[in-house]
Amino acid sequence: MKGVMDIHDILKYLPHRSPFLLIDRILEIKEGESIVALKNVTINEPFFTGHFPEIPVMPGVLILEALAQAAGVLAYKSTNTLPKDGTLYLFAGIDNARFRRVVEPGDQLRLEVKLLRRKKEIWKLEGAAYVDGELVCAAELISAQRG
């Protein structure tokens, strides 16, 4: 499946690196509006070693982080900035987070983030993560620009 941005492009827009880079591909981006990204979940993820090792489950906070990273790419693309320019988008808050099912090795997370509103350096976004079309997690995210 060809995307709008591959991992090489994503690395230009996010300061995160392994093992904390949690998106693999951008499928769609509408600057100033929305983004759709993918995260392939594999048994080789370092968190599976200690997070319920007998029954590997992706931590919910990392699903939220993956949504926040997608939101970060949306912000950078929408403002025509890059981390190397000194601009940083930080995860500043979360509201109404709900988890509906577990995410396991072999799943592919589809991360959908929409901009609700932006006031100067503060972004309010709506995020949802899906596996095979089934809602896994939904939340409202707040991002703050620094720099």
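The values are calculated or read from the model by the stated rules, or taken from the named source; none is laboratory data. Predicted, not measured: the structure shown is a model, and the values here were computed from it. As a convention, Cβ positions derive from the backbone with ideal geometry for all residues, glycine included, and neighbour counts pool all protein chains shown. These accessible areas exclude ligands, DNA and RNA; they are computed on the full protein's heavy atoms, side chains included. Shrake-Rupley method; radii C 1.70, N 1.55, O 1.52, S 1.80 Å.
Couple of notes before you dig in:
- Rounded percent of accessible protein surface that carbon and sulfur make up, segment 108-147, 1.4 Å probe: 44 percent
- Max mean-square fluctuation residue, GNM over the chain, Cα-Cα springs under 10 Å, options V61, V102, V41: V61
- 10 °C / 1.306 mPa s Stokes-Einstein diffusion coefficient of segment 36-99, Kirkwood radius on C-alpha pairs, µm²/s: 115 µm²/s
- Spacing of the two label points (7 Å from each Cα toward its C-beta) at I55 and R146, in nm: 3.7 nm
- Length released on extending from R100 to F20, taking residue separation times 0.36 nm less the Cα-Cα span: 26.5 nm
- Legend: distances between Cα atoms for K12/K119; K30/K124; K39/K84; K84/K124; pairs beyond 22 Å are K12/K119; K39/K84; K84/K124.
- Among the trypsin sites (Lys or Arg not before Pro) in segment 1-93, those placed in a DSSP loop whose Cβ has at most 16 other Cβ atoms within 10 Å are K2, R17.
- Rg/Rg_ref, the chain, where Rg_ref = 2.2 N^0.38 Å and atoms are Cα: 0.99
- Here the Kirkwood formula puts the hydrodynamic radius of segment 78-129 at 13.8 Å, using every distinct Cα pair.
- Tilt relative to the chain, helix 60-79 - C-alpha long axis, 0 to 90 degrees, to 10: 20 degrees
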